[in-house]
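Here the structure is laid out as structure tokens; the discussion comes afterwards.
The values are calculated or read from the model by the stated rules, or taken from the named source; none is laboratory data. Predicted, not measured: the structure shown is a model, and the values here were computed from it. No Cβ is skipped: glycine too gets one built from the backbone with ideal geometry, and neighbour counts run over all protein chains shown.
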Amino acid sequence: MTIQADLEKAVAAAQSALGTYETFSVSTLDESAKQMFKDMSSDMERHVGQLRGRLNYVTQNNAMNKPLS
């Protein structure tokens with residue numbers, strides 16, 4: 001498996017976790033748990049952004065994606 005494929009999987013997993021945390025934050029009645037899940041969602045949004053940034057970099061700089069000269 002390539003780095004690009006690994007990053008794509010990581011982005012998908014992080015997005016899934018983000019959705020789960022957001023669901024938990026709206027479905028719980030416990031205010032401290034609600035805040036914890038909101039905080040975790042914010043952290044995961046940052047993680048998704050970082051992973052996407054790295055994926056974009058790898059995709060743009062991958063020799064296999066460059067046209068042959």
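Under 8 Å between Cβ atoms, at least 6 apart or on separate chains: pull out the pairs that start in segment 1-17 with a residue that is part of a helix (DSSP H, G or I) and end on any residue that is surrounded by 11 or more Cβ atoms within 10 Å (Cβ to Cβ) and β-branched (Val, Ile, Thr).
ILE3/VAL58; GLN4/VAL58; GLN4/THR59; LEU7/VAL58; VAL11/VAL48; ALA14/VAL48; GLN15/VAL48
Considering SER27, SER41, SER32, which residue is touching a Phe, Trp or Tyr at 6+ places or on another chain (Cβ under 7 Å), at pLDDT 95 or above and small (Gly, Ala, Ser)?
SER41
Criterion first (surrounded by fewer than 11 Cβ atoms within 10 Å (Cβ to Cβ), in a loop (DSSP other than H, G, I, E, B) and at pLDDT 95 or above) does LEU68 satisfy it?
Values: surrounded by fewer than 11 Cβ atoms within 10 Å (Cβ to Cβ): yes; in a loop (DSSP other than H, G, I, E, B): yes; at pLDDT 95 or above: no.
So LEU68 does not fit the description; no.
Just to be sure before I move on: is LEU55 assigned to a loop (DSSP other than H, G, I, E, B) and of a type outside the set (Phe, Trp, Tyr) in the structure I sent?
no
Return only the number of the condition from (1) part of a loop (DSSP other than H, G, I, E, B); (2) crowded, with 16+ Cβ neighbours inside 10 Å that LEU29 does not satisfy.
(2)
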